[in-house]
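**Q** My questions will all concern the structure given below.
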Amino acid sequence: MSENNVVQRLSFLYEAARTLSSSLDIEQVLQVLMTLTQQHFQPDAVSVALVEADNSLVFRAASGLSARQVLGLRMAPGMGVVGWVAEHGETTWVSDTHFDVRHYKEVDEATGFDTRSIYAVPVKIGEQTLAVLEIINPKPDTDIDELQEVIPALTSIAATAIQNARLFEEVHRAEERYQRLFELNLDPIIILDKQGKLLHVNQAGQHLRDLLEDTGGNSLLDALGVPQEALVEGNMHPNGGSITTWEFEIATGEENARIYEVSLAYLAHYPPDGAYQVLAHDVTDRVALEKMREMLSHMIVHDLRNPLNNITYSLELLRTSWLEQDTALPIDQIVKIGIRNARRMDQLISDILDAARLPQDSSIAVACNDVADLVQEAIETVLSLALRRGQNLTSDIPDALPQLEGDYDLLQRVLINLLGNAVKFTLQGGDIHTCVWLTETEFVFSVRDTGPGISPEEQPHIFDPFYQGKEGKGKRRGAGLGLAFCKLAVEAHQGRIWLESVLGEGTTFYFSIPRILPETVKRRVEE
């Protein structure tokens, strides 16, 4: 080989190395590899197939008459000459494709291109094949020795460029992914330098920052209520200090302040010389829920303690009467008081359990029930309390109503809850009226009282769990489970419940039960 040829070859490879290494775009690298090969050897066509993660090959660069048809073509692992080269990692020279079974003829048949010979070279890093360079129909006067020396050197340079481009692509995708996670995180994330100056902030963090600035804080660190010892600790741990967590409130102009749980961590390697990462999580609802649960626990204990005290007192009176043989005590009345309070306890406990069960298990024990018996038993349950308050309980139930499909126990407790509320909130001597009527599709029940009524502001929340509406003089209605249970029990029957109320005139609660229940809600009981 002449010195001139050696210089030309070295010059070509130097220029190839310079051009290929100048780009971190994998498409551009493959295009340059294809173009350099085409220009230097001038075959009929050149193609570059990239090996995918599943070992299939996709043609990403191509020249020649069939280039448009070749670009984007996917080959299964091992298919065609390129598949064989990728699978074995070896260069192959096919001098006559008509006698080589590995040749994939479909492209030629589809385009009319005539592939006569192929020189295919793996583009490898170590033992891993990244791509296959395919030279199709080299010119008859091509120097095979030069081809076999230059192309492996060229693919070696290209392999490094492809690997770098792939790594850059992966890093870039990872950066985009984490940037999106950072930006779209619902929790505020704020990055500050050691002096408290803002470096980076996500969307939620910017909103928090705006709120803090509205409060007139001197700096973000001060506004966030960062403990000074946390800053000292962070600086004492250059490789990342322990995480400090605290809570702080921020006024928002709303009725209640927002409460955030904030954590501070020192990022030792964050450019240029370390930074603080502030993560904030809005815990306002959680704190409110915890307070509600605590209040609910107190109310439930209170509501259970009253009937329990009455039961205990009744039993003590009975024991005293038995020990002293005192026949003057009204034993029957004392027993009735104890039984009534035990039933009150049982109903409250059932309401608590069913309020938790019904949303998850909406199936009900269905039987055929007499409507008149259902209403009458509910009225008798609250009758003694109504009589003591001088209230008048009436009902209007048509004769010959068809039987109602439903869970007798659940429906009776709905009526007892509604009647019990009416008795509780109706003044001495008031009226309470229960009514039932039939439409084409539903049984409709109503309980009307002459109590103080419910304000329009309260009405949308009256069936919410744990909601305690106002009684007279600021008193609370109770644990807030009775009406919530009624709603769940009625809806478990695929029915509906609602109310009408006028302040100073009274309230009417309605609920309806379908005449024909869907099979999906039925759990038949023994007749």
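**Q** Calculate, in nm to one decimal, what LEU71 and HIS98 gain on full extension: separation in residues at 0.36 nm each, minus their alpha carbon distance.
**A** Net length gain for the segment: 7.4 nm.
**Q** Arrange the following residues from fewest to most other Cβ atoms within 10 Å of their Cβ: LEU73, LEU483. Kindly include the intermediate steps, with their values, before the conclusion.
**A** Details: LEU73 18, LEU483 25.
The order, fewest Cβ neighbours first, is LEU73, LEU483.
**Q** Using the per-residue mean of other Cβ atoms lying within 10 Å as a proxy for protection, in what order, highest first, do the peptides 494-503, 272-281 fall?
**A** Highest-to-lowest ranking by the protection proxy: 272-281, 494-503.
**Q** Let me see the pair-distance distribution of region 113-157: every alpha carbon pair, 10 Å bin width, integer percents in order.
**A** 25, 50, 22, 2
**Q** Additional query: Using the count of nearby Cβ atoms within 10 Å as a rough guide to exposure, how do HIS269, HIS433 rank from fewest to most? Don't skip to the answer; put the middle values down first.
**A** Values: HIS269 10, HIS433 17.
Listing HIS269, HIS433 from fewest to most nearby Cβ atoms yields HIS269, HIS433.
**Q** Mind checking the full-extension length gain between LYS336 and ILE397? Use 0.36 nm per residue of separation minus the Cα-Cα distance, one decimal, nm. Working shown, then result.
**A** Details: separation 61, 0.36 × 61 = 21.96 nm, distance 2.82 nm.
Gain on stretching LYS336 to ILE397: 19.1 nm.
**Q** Suppose the chain between ASN164 and LEU385 were pulled fully straight at 0.36 nm per residue; how much longer would it get relative to their current alpha carbon spacing? Could you put the intermediate results ahead of the total?
**A** Values: separation 221, 0.36 × 221 = 79.56 nm, distance 8.56 nm.
71.0 nm is the gain from fully extending ASN164 to LEU385.
**Q** Quick one: 3J(HN,Hα) in Hz for region 271-280, Karplus 6.51/-1.76/1.60 with θ = phi - 60°, rounded, Gly and Pro as x.
**A** x, x, 9, x, 7, 9, 9, 10, 10, 10
**Q** Let a ≥ b ≥ c be the square roots of the eigenvalues of the Cα gyration tensor of region 363-417; is it rounded (a/c under 1.5), or, if not, prolate (a/b larger than b/c) or oblate?
**A** Details: a/c = 3.87, a/b = 1.65, b/c = 2.35.
Verdict is oblate for region 363-417.
**Q** Can I ask one more? Going by how many other Cβ atoms sit within 10 Å of their own, how do SER263, SER512 line up, fewest first? Numbers along the way, then the final one.
**A** Details: SER263 14, SER512 19.
Ranking SER263, SER512 by Cβ neighbours within 10 Å, fewest first, gives SER263, SER512.
**Q** What do you get for Rg/Rh over region 305-461 if you use C-alpha atoms and the Kirkwood form of Rh? All intermediate terms of the calculation are to be shown ahead of the outcome.
**A** On the way: Rg = 18.6 Å, Rh = 18.1 Å.
Across region 305-461, the Cα-based Rg/Rh ratio is 1.03.
**Q** Taking R0 as 25 Å, what's the FRET efficiency between ASP273 and ARG177 from their Cβ-Cβ distance, rounded to 0.05? Kindly include the intermediate steps, with their values, before the conclusion.
**A** Numbers: r = 27 Å, r/R0 = 1.07.
Given R0 = 25 Å and the Cβ-Cβ separation, E is 0.40.
**Q** Name the residue from LEU57, GLY83, GLN38 whose Cα lies farthest towards the positive end of the charge dipole of region 3-173, charges +1 on Cβ of Lys and Arg and -1 on Cβ of Asp and Glu.
**A** Result: LEU57.
**Q** Sticking with this one: Rounded, prolate or oblate: which fits region 18-155 when a ≥ b ≥ c are the square roots of the eigenvalues of the alpha-carbon gyration tensor, with rounded for a/c under 1.5 and prolate only if a/b beats b/c?
**A** Verdict is rounded for region 18-155.
**Q** Highest first, please rank the peptides 381-389, 317-325, 37-45 by the mean number of other Cβ atoms sitting within 10 Å of their residues.
**A** Details: 381-389: 15.2, 317-325: 11.8, 37-45: 18.3.
In descending order of packing, they fall as 37-45, 381-389, 317-325.
No value in this document is a laboratory result; all are computed from the given coordinates. Bear in mind the structure is a predicted one, so any value in this text is a computation, not a measurement. No Cβ is skipped: glycine too gets one built from the backbone with ideal geometry, and neighbour counts run over all protein chains shown.
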